[in-house]
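Undergrad: Right, I'll just put the structure down here and ask away after.
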Amino acid sequence: MDLNIRQATLEDIPYITSIFRDTIIHINSRDYSDKQVNVWATGANDVEKWTERIKNAYFIVAEHKDDIVGFAYLTKGYYFDGLFIHKDFQRRGIATHLMRIIESQVIDNGYEVIKSDVSITALPFFENQYYDVEKKQIKNIKGINFENYLVSKQL
Ligand SMILES: CC(C)(COP(=O)(O)OP(=O)(O)OC[C@H]1O[C@@H](n2cnc3c(N)ncnc32)[C@H](O)[C@@H]1OP(=O)(O)O)[C@@H](O)C(=O)NCCC(=O)NCCS
């Protein structure tokens, strides 16, 4: 698939947040309740937080024919904080491509281990990429509990 990977800019925020919202509603809804999905998806509205992420994280987007079809970001130099692929572009290798670049960045930053908290939905993908589950945990967003997994990989 023809993909262009580049750093995110503040102009990308509307596209990034609509992928975030739509992917949660259409893809993560397989594994989470309506109530969980609604609370999680409202995170798209927090433009201030997305601005802060783009400014301070290592934040990359994947473009296909000039449209953003996925994004990923890294914080603290080693923490894989977010990975979302457009609902209509799942299972085409886009996440694998973004992950390779994020992992190279972690190595460039001088770390040997990458960590992430991943959704039930994303766990098979991370396991396929040789991440180990350290523990199953509960994350709280606005008073609602979410089951997820702390994973890591030696690079
Ligand atoms: C998880 C996610 C990022 C994977 O993105 P993707 O671009 O579809 O992944 P890839 O095409 O690179 O997948 C590579 C391989 O991982 C495995 N894989 C990916 N998704 C899988 C799934 N739902 N079930 C089982 N295996 C899966 C497969 O082996 C796949 O290869 P294949 O398609 O040839 O069988 C995507 O499904 C997504 O956006 N999920 C919702 C958002 C989310 O939960 N993000 C994590 C936040 S914590």
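Undergrad: Accessible area per residue of the range 1-70 at 1.4 Å probe, in Å²?
TA: Numbers: 3870 Å² over 70 residues.
Per residue, the range 1-70 has 55 Å² of solvent-accessible surface.
Undergrad: For an R0 of 25 angstrom, estimate the FRET efficiency from the Cβ-Cβ distance between residue 144 and residue 79 and round to the nearest 0.05. Write down the numbers at each step before the final one.
TA: On the way: r = 22 Å, r/R0 = 0.90.
My answer for the efficiency is 0.65.
Undergrad: For the range 117-124, take each phi angle, set θ = phi - 60°, evaluate the Karplus expression 6.51 cos²θ - 1.76 cosθ + 1.60, and give the result in whole Hz per residue in order, putting x for glycine and proline.
TA: 10, 10, 5, 4, 5, 8, 4, x
Undergrad: Filter the GluC sites (Glu not before Pro) in the range 110-155 to those in DSSP coil with at most 16 other Cβ atoms within 10 Å of their Cβ, and list the result. Present the calculation step by step, with values, prior to reporting the outcome.
TA: Working: sites: 112, 127, 134, 147; in loops: 112.
Sparse-neighbourhood loop GluC sites (Glu not before Pro): 112.
Undergrad: Out of the total accessible area of the chain (probe 1.4 Å, heavy atoms of protein only), what percent is carbon and sulfur?
TA: Numbers: 3880 of 8520 Å².
Taking all protein chains in place, the chain shows 46 percent carbon and sulfur surface.
Undergrad: Quick check for me: using +1 on Lys/Arg Cβ and -1 on Asp/Glu Cβ, what's the dipole size of the range 4-111 about its Cα centre, in debye to the nearest 20? Intermediate values should be presented prior to the final figure.
TA: Values: 13 positive and 15 negative charges, 52 e Å.
Rounded to the nearest 20 debye, it is 260 debye.
Undergrad: Springs between alpha-carbon atoms under 10 Å, Gaussian network over the chain: tell me which of 82, 70, 143 tops the mean-square fluctuations.
TA: 143
Undergrad: Taking a threshold of 27 Å on the Cα-Cα distance, which of the pairs 65/139; 55/142; 115/139; 76/142; 55/115; 49/76 fall above it?
TA: Where the Cα-Cα span goes over 27 Å, the pairs concerned are 65/139.
Undergrad: Report the accessible area of residue 111, computed with a 1.4 Å probe over the heavy atoms of all protein chains in place, in Å² rounded to the nearest 10.
TA: Ignoring ligands and nucleic acids, residue 111 comes out at about 90 Å².
Undergrad: I would also like to ask the following. In what sequence, largest accessible area first, do 83, 155 appear using a 1.4 Å probe?
TA: Working: 83 40, 155 60 Å².
Order by accessible area, largest first: 155, 83.
Undergrad: Lys and Arg at +1, Asp and Glu at -1: add these up for the other residues within a Cβ distance under 12 Å of residue 134 and post the number. Present the calculation step by step, with values, prior to reporting the outcome.
TA: Numbers: positive: 115, 135, 136, 153; negative: 117, 132.
Around residue 134, the charge tally is +2.
The values are calculated or read from the model by the stated rules, or taken from the named source; none is laboratory data. Everything numeric in this text was worked out from a predicted model, so none of it was measured. With ideal geometry, Cβ positions are generated from the backbone for all residues, glycine too; neighbour counts draw on all protein chains shown. Surface accessibility is based on the protein's heavy atoms, side chains included, excluding ligands, DNA and RNA. Shrake-Rupley method; radii C 1.70, N 1.55, O 1.52, S 1.80 Å.
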